[in-house]
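K.L.:
Sharing a structure, written as C-alpha cells. Questions coming.
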Amino acid sequence: MTDRGVSVILPTYNEIGNIVALVRAVGEAIPPGWDYEILVIDDNSPDGTFAAVQRAYPDDPRVVTMLRTEDRGFAKSIRAGIERAKFDRIIIMDSDFTHDPVEIPRLLHIGEIFDIVSGSRFCAGGRMEDVGHYTTSMLYNWMLRLVLRTQVQDNLGGFFTARRSALMKLPLDKIFYGYGDYYFRLLHYAQWKRMTIVEIPAAYMLRTAGKSKSNALRMVMNYSIAAIRLRTTLSRESRD
Ligand SMILES: Nc1nc2c(ncn2[C@@H]2O[C@H](COP(=O)(O)OP(=O)(O)OP(=O)(O)O)[C@@H](O)[C@H]2O)c(=O)[nH]1
Ligand SMILES: [Mg+2]
C-alpha cells in the first residue's frame with residue numbers, strides 16, 4: 001500500500017529522441033512507497049512525440065498523454081499538466097534530460113518540509129554540464145535578482161516540486177504564459193503568498209537528443225521585458 005503519490009509533468013515539443021527513455025527513467029527514479037503518474041503534455045509535435053509515448057506505454061495507467069492543439073506554448077502546457085494532475089505532489093521538469101531524474105528522490109524528500117523545492121544550478125553544489133550556458137545563465141540571474149529583488153539564485157531553472165493545492169491558489173493567469181519567464185513569476189507570486197521556497201543543488205545535463213527550441217537572444221529580450229513588467233506590477237500592487 002502506498003499513501004503518497006506524485007504527478008510528474010513533462011511538457012514536450014519535438015522530443016521523440018528523448019521522451020520514451022525519459023518516461024522510463026522517471027518511473028525508475030520514483031522512490032519505493034510512492035505511487036506516481038507521468039503526464040506527457042505535448043503541443044502536437046510534428047515529429048510524432050505523442051504517438052511514440054502512446055505506442056511505448058499502451059496499457060500503463062501511470063503514463064498519461066495529453067495532446068494540445070490550441071493555445072500552445074511551454075508555460076501553458078505546464079499549467080494544463082498541473083490542472084490535470086491527480087496527485088497533490090507535483091514535479092515539473094524538462095523532457096530533454098537536462099533535468100536529471102536522479103534528483104527526484106531528493107526533491108520529494110525536501111518537499112515534505114518546504115512548499116517549493118527548486119533544483120538550482122547556482123546554490124552550492126549546483127552545476128551545469130554546458131559551461132557556456134552556465135556562465136551566461138548565472139550572469140543573467142544576477143541581473144534578474146537585482147530587478148526582482150529576490151534571494152532566489154536560480155530564477156529560470158524550472159525543475160521543482162510543489163503541492164498542487166498550493167499552486168492552484170496562485171493567480172495562474174498572471175503566471176502561466178510565455179516561456180521560462182513563467183518560473184520567476186511563479187516564484188514571485190509564491191513568495192507573495194508566503195509559500196516557503198528552498199533551493200537544493202542540481203546538476204543540469206546536456207540535452208541527450210534533439211534540438212533546443214529556445215533562442216538565446218530572443219530569450220534575453222523577452223525575459224528582460226517580463227522581469228521589468230513583473231517589477232512594475234509589484235510596485236503598483238504594493239501601492240494599492
Ligand atoms: N508542450 C510544450 N513543450 C515545449 C514547448 N517548447 C519547448 N517545450 C519543452 O520544454 C522543454 C524545454 O525546452 P528546450 O528546447 O530544451 O529549451 P531550453 O531548455 O530553454 O534550451 P536548452 O538549453 O537547449 O535545453 C523541453 O522539454 C521541450 O520539449 C512548447 O511550446 N510546448
Ligand atoms: Mg532544454
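K.L.:
Given the criteria crowded, with 19+ Cβ neighbours inside 10 Å and touching a strand residue (DSSP E or B) at 6+ places or on another chain (Cβ under 7 Å), does residue 190 qualify? Reasoning before the result, please.
P.N.:
Values: crowded, with 19+ Cβ neighbours inside 10 Å: yes; touching a strand residue (DSSP E or B) at 6+ places or on another chain (Cβ under 7 Å): yes.
Yes: the conditions hold for residue 190.
K.L.:
Then there is this: Among the numbered criteria (1) under 18 Å from the mean Cα position of the chain (by Cα); (2) within 16 Å of ligand 1 (Cβ to nearest atom), which single criterion is violated by residue 189?
P.N.:
The one condition residue 189 does not meet is (2).
K.L.:
Another question, if that's okay. What about residue 165, is it of a type outside the set (A, V, I, L, M, F, W, C), more than 16 Å from ligand 1 (Cβ to nearest atom) and part of a helix (DSSP H, G or I)? Write out each step before concluding.
P.N.:
On the way: of a type outside the set (A, V, I, L, M, F, W, C): yes; more than 16 Å from ligand 1 (Cβ to nearest atom): yes; part of a helix (DSSP H, G or I): yes.
Spelling it out, residue 165 is indeed of a type outside the set (A, V, I, L, M, F, W, C), more than 16 Å from ligand 1 (Cβ to nearest atom) and part of a helix (DSSP H, G or I).
K.L.:
A further question follows. Pick from segment 199-215 the residues that are more than 9 Å from ligand 1 (Cβ to nearest atom) and among the small types (Gly, Ala, Ser): which of them is nearest to residue 134 (Cα to Cα)?
P.N.:
My answer is 203.
K.L.:
Is there any pair with a first residue in segment 73-99 that is within 20 Å of residue 174 (Cα to Cα) and a second that is within 16 Å of ligand 2 (Cβ to nearest atom) and aromatic (Phe, Trp, Tyr) whose Cβ atoms are under 6 Å apart and which are 6 or more apart or on different chains, and what are they?
P.N.:
74/179; 75/182; 92/160
K.L.:
Something else about it: Can you name the residue in segment 1-17 that is farther than 18 Å from residue 103 by Cβ and part of a strand (DSSP E or B) and, of all such residues, is nearest to the chain's Cα centre (by Cα)?
P.N.:
Of all residues in segment 1-17, those farther than 18 Å from residue 103 by Cβ come to 1-3, 5, 12-17.
Next cut, part of a strand (DSSP E or B) only: 5, 12.
Details: 5: 18, 12: 12 Å.
The extreme case among them is 12.
K.L.:
For segment 115-152, name all the residues that are outside any helix (DSSP H, G or I) and either at pLDDT below 95 or over 22 Å from residue 78 (Cα atoms) (or both). Break it down stepwise before answering.
P.N.:
Taking segment 115-152 first, the residues outside any helix (DSSP H, G or I) are 115-130, 149-152.
Across segment 115-152, the qualifying residues are 122, 123, 124, 125, 126, 127, 128, 129, 130, 149, 150, 151.
K.L.:
Any chance segment 212-220 includes a residue that's assigned to a helix (DSSP H, G or I), more than 16 Å from ligand 2 (Cβ to nearest atom) and under 30 Å from residue 86 (Cα atoms)?
P.N.:
no
K.L.:
For the condition of a type outside the set (S, T, N, Q) and within 16 Å of ligand 2 (Cβ to nearest atom), what is the one hit in 177, 140? Write out each step before concluding.
P.N.:
Working: 177 fails: within 16 Å of ligand 2 (Cβ to nearest atom).
It is 140.
K.L.:
Can you pull out every residue in segment 125-163 that is among the polar types (S, T, N, Q) and within 13 Å of residue 198 (Cβ to Cβ)?
P.N.:
Here is the first cut: in segment 125-163, the residues among the polar types (S, T, N, Q) are 135-137, 141, 150-151, 153, 155, 161.
Scanning segment 125-163 gives 151, 153, 161.
K.L.:
Pick out the one residue from 194, 207, 185 that is outside any loop (DSSP other than H, G, I, E, B) and among the basic types (Lys, Arg).
P.N.:
Numbers: 194 fails: outside any loop (DSSP other than H, G, I, E, B); 207 fails: outside any loop (DSSP other than H, G, I, E, B).
Residue meeting the stated conditions: 185.
The values are calculated or read from the model by the stated rules, or taken from the named source; none is laboratory data. Note that this is a predicted model, so its numbers are computed, not measured. Cβ coordinates were reconstructed from backbone atoms using ideal geometry, including for glycine residues, and neighbour counts include every protein chain displayed.
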